[in-house]
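The values are calculated or read from the model by the stated rules, or taken from the named source; none is laboratory data. Just so you know, these numbers come straight off a predicted model, no measurement behind them. So basically every Cβ, Gly included, is an ideal-geometry build from the backbone, and we count neighbours across all protein chains shown. Just so you know, the surface numbers come from the protein's heavy atoms only, side chains and all, with ligands and any DNA or RNA stripped out. Shrake-Rupley method; radii C 1.70, N 1.55, O 1.52, S 1.80 Å.
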Amino acid sequence: ELQRLLPARSGQGCGARLAAALRQHQQRLSASAVQVLRGDGVAALHGQPAGSLDVVFLDPPFAAASLYAPALAAAAKALRPGGFVYLEADASWQGRPEAALFTLRRHLKAGAVHTHLFCKPLPTEEKP
C-alpha cells in the first residue's frame, strides 16, 4: 500500500506542475492513502517517520550534485524495508558509497540521464 509520494525536487520550474499532476492522478484514482508534498525534498524526507515510505522519487537538478548523497541518506531512513528509490542523475550512482544502503535493481541511461531503481533490502536479504 502506497502511503506517501514525495516529489523530492529542490529546483523551481516544473515542480509545481509535477505536484499538480500527481494530485490530479491521486484524485482520479481516489488514492486517499497517497500524500503529495512539494518543497525541499531532503527536508520533507527528514520529516517522515523512519520506515514509513514505500517509494521516493529523487530528481535533483544536475547542477546541485551536493543534494544527491543527503537525499539518498534521508530516503534510506524514511523508506520501509523493501521500499524503492527512483533516482535520476547525470552520472551512474551504481557502486557509490552513498548508495551502499540499497540494492540496485535497474540502471538505464538515456542521453545524458542515468536512471536508477534502488531497493532498500529486507532485514533477511543479503546485499551482494
Thr103 accessible area, assembled protein chains, probe 1.4 Å, Å²
20 Å²
To the nearest 500 deg cm²/dmol, what mean residue ellipticity at 222 nm is calculated for the chain from DSSP H runs of n ≥ 4 alone, each contributing -39,500 (n - 2.57), summed and divided by the residues?
-7500 deg cm²/dmol
Which order do peptides 31-37, 61-67 fall in by mean Cβ count within 10 Å, highest first?
31-37, 61-67
Across all directions of projection, what mean area in square nanometres is found for the Cα convex hull of the range 30-126?
7.0 nm²
Using a 1.4 angstrom probe on heavy atoms only, work out the carbon and sulfur share of the accessible area of the chain in %.
57 percent
Modelled label-to-label distance, Ala91 and Arg28, 7 Å Cα→beta-carbon offset: nm?
3.8 nm
